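Beneath this line is the structure, given in structure tokens, with notes to follow.
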Amino acid sequence: MKVTIVGSGYVGLVTGACLAEVGNQVVCLDVDAAKIDVLNSGGIPIYEPGLLEMVARNRAAGRISFTTDIAKAVAHGEVQFIAVGTPPDEDGSADLRYVTAAARNIGQHMTGFKVIVDKSTVPVGTADKVRLAVEDELGKRGIEQAFTVVSNPEFLKEGAAVEDFMRPDRIVIGCTSDAEGERARRTMRSLYSPFQRNHDRMMFMDVRSAELTKYAANAMLATRISFMNELANLAEVLGADIELVRQGIGSDPRIGYHFLYAGCGYGGSCFPKDVQALQRSGTEAGRPSRILEAVEAANEAQKNVLVGKLVARFGEDLSGRRFAVWGLAFKPNTDDMRDAPSRVLIRQILERGGSVTAHDPVAMDEAKRVMALDFEGQPRMLERIAYAETPEAALDGACALVIVTEWKAFRSPDFDAMQKQLSDKVIFDGRNLYDPERIAAFDLDYIPIGRPMHRSTMSSAG
């Protein structure tokens with residue numbers, strides 16, 4: 001099948017590569033010429049495990065190509081995926097300018113029937129706006145052309161996006177019930193048939209229900225995270241261990257273990273903006289969500305928990321203290337720094353006079369770019385951020401270690417070497433990576449989230 005992907009960012013590139021992998025002829029369109037140049041030269045603009053190899057393999061086989069030529073891209077595919085960004089607007093609502101611009105481009109150039117697929121995460125009612133934009137452009141051309149708009153939200157986890165697409169747990173399709181909608185249903189079933197050979201994972205529903213399903217899923221997951229973070233903060237006060245609580249409630253099949261880990265807050269490209277956008281939709285519809293307001297407030301507060309622990313240990317003035325920070329990306333297996341808790345932590349350390357040496361397995365280049373924007377016009381702040389090529393090197397000259405991202409490479413460090421490198425011999429663990437009983441064998445203080453802290457008996461004796 002011939003498929004066009006409008007937008008070659010995270011969702012668009014994964015979608016295009018995976019569809020090409022099963023034999024489709026895919027053209028990826030982007031108005032960013034620099035991004036297309038990177039793709040045509042054999043690179044990719046994001047980090048995602050397995051994606052570079054998949055793109056290279058299908059590019060070599062001639063199944064995927066990249067272009068800035070709008071007319072060529074629209075002419076190519078019967079199915080036109082819109083996978084452009086929907087960044088939050090100032091009021092928290094989703095900015096749909098790129099979605100409607102993509103729809104207008106399709107309307108300006110289409111000459112035959114098209115199934116136009118909203119793959120971007122968009123508010124309820126966006127399909128109607130896409131339809132109107134296409135109809136408007138067709139009207140300007142003075143032609144009538146059949147088409148239909150489908151909602152096909154993505155459920156891709158950063159760090160496991162290729163696996164999620166190739167082995168989906170569900171494929172949600174929202175389409176109309178008219179003749180064009182039935183044609184779209186057949187087309188989408190054919191397109192996704194290679195991904196559901198074991199059993200049917202497709203869920204057909206009306207368009208608005210499909211649009212809401214994506215927001216509802218992310219809001220539910222964000223709610224679980226914030227709920228556990230609130231419980232972790234309570235556990236600290238009450239003297240309970242949130243890890244034992246997690247095991248106790250997670251064993252209930254009605255609850256399960258997923259997204260029950262306490263930490264220093266969520267970030268990324270999805271949860272923060274989707275919670276805000278769903279809040280905004282509810283307010284506009286006269287049904288504001290008190291739960292989502294609390295979820296967002298709890299998460300913003302949780303991003304300050306680590307610095308609160310630093311201040312409790314060292315005082316408000318951190319001048320002269322260097323902190324090793326392990327993990328910069330908002331989660332493992334990605335270089336995504338959007339709304340990453342590390343950015344809040346680093347800013348607050350620097351504002352209190354401290355300095356940072358950071359390490360992340362893949363996100364350091366992106367972190368340097370983002371930090372330059374965060375501290376634009378503040379060169380003295382930037383001068384106090386250093387980057388280390390290894391986790392161990394980040395510890396040199398540091399008074400303490402702060403863990404922000406739960407990369408596998410951080411799970412089993414050399415604690416014996418660590419206790420010799422850290423001048424104040426303390427670990428602040430924002431992801432509860434370590435067993436306090438294991439730490440007890442070393443001259444290290446261990447301060448996790450929602451668990452009893454461990455004080456070194458050696459330092460206490462001194």
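Once both axes come from the Cα atoms, what is the angle between helix 341-351 and the longest principal axis of the chain, in degrees from 0 to 90, rounded to 10?
Long axis of 341-351 versus the principal axis of the chain: about 50 degrees.
Take the alpha-carbon positions of the range 140-199, form their convex hull, and give its projected area averaged over all directions (one quarter of the hull surface) in nm².
5.9 nm²
For SER412 and ASP32 in one chain, what is 0.36 nm times their gap in residues minus the Cα-Cα distance, to one decimal in nm?
Full-extension gain reported as 132.7 nm.
Less than 19 Å from a label point 7 Å out along the Cα-to-Cβ axis of ASP128: which backbone N atoms in the range 173-206 qualify, by residue?
174-178, 181, 205-206
Using 0.36 nm per residue, how much length does the chain from GLU144 to GLU284 gain when fully extended, once their Cα-Cα distance is taken away?
Value of the extension gain: 47.0 nm.
Please compute the length gained on full extension between HIS258 and ALA179, using 0.36 nm multiplied by the number of residues separating them and subtracting their Cα-Cα distance.
Contour length minus the Cα-Cα distance gives 24.4 nm.
How large is the convex hull of the C-alpha atoms of the chain per residue, in Å³?
164 Å³
Restricting attention to the alpha-carbon atoms of the range 215-301, what are Rg (one decimal) and Dmax (integer), both in Å?
Expressed in Å, the Cα Rg and Dmax of the range 215-301 come to 13.8, 43.
Looking at this model, which pairs from LYS2/LYS72; LYS2/LYS35; LYS157/LYS303; LYS303/LYS420; LYS119/LYS157; LYS35/LYS368 are more than 24 angstrom apart at the alpha-carbon?
Listed pairs above 24 Å: LYS303/LYS420.
When the Debye formula is applied to the Cα atoms of the range 304-406, each taken as the same point scatterer, what base-10 log of I(q)/I(0) results at q = 0.24 Å⁻¹?
Values, matching the q order: -1.43.
When Rg is the radius of gyration of the Cα atoms in the range 2-204 and Rh is its Kirkwood radius, what does Rg/Rh come to?
0.94
What is the distance, in nm, between label points placed 7 Å from the Cα along the Cα-to-Cβ direction at GLN378 and at SER423?
Calculated label separation equals 2.3 nm.
Just want to confirm a number: the relative contact order over the chain, from Cα pairs under 8 angstrom separated by 6+ residues, in percent.
Normalised by residue count, the contact order of the chain is 11 percent.
Every number in this text was worked out from the coordinates using simple rules, so none of it is lab data. Remember, it's a predicted structure, so these values are computed and weren't measured experimentally. Every residue, glycine among them, receives a Cβ derived from its backbone with ideal geometry; neighbour counts consider all protein chains shown.
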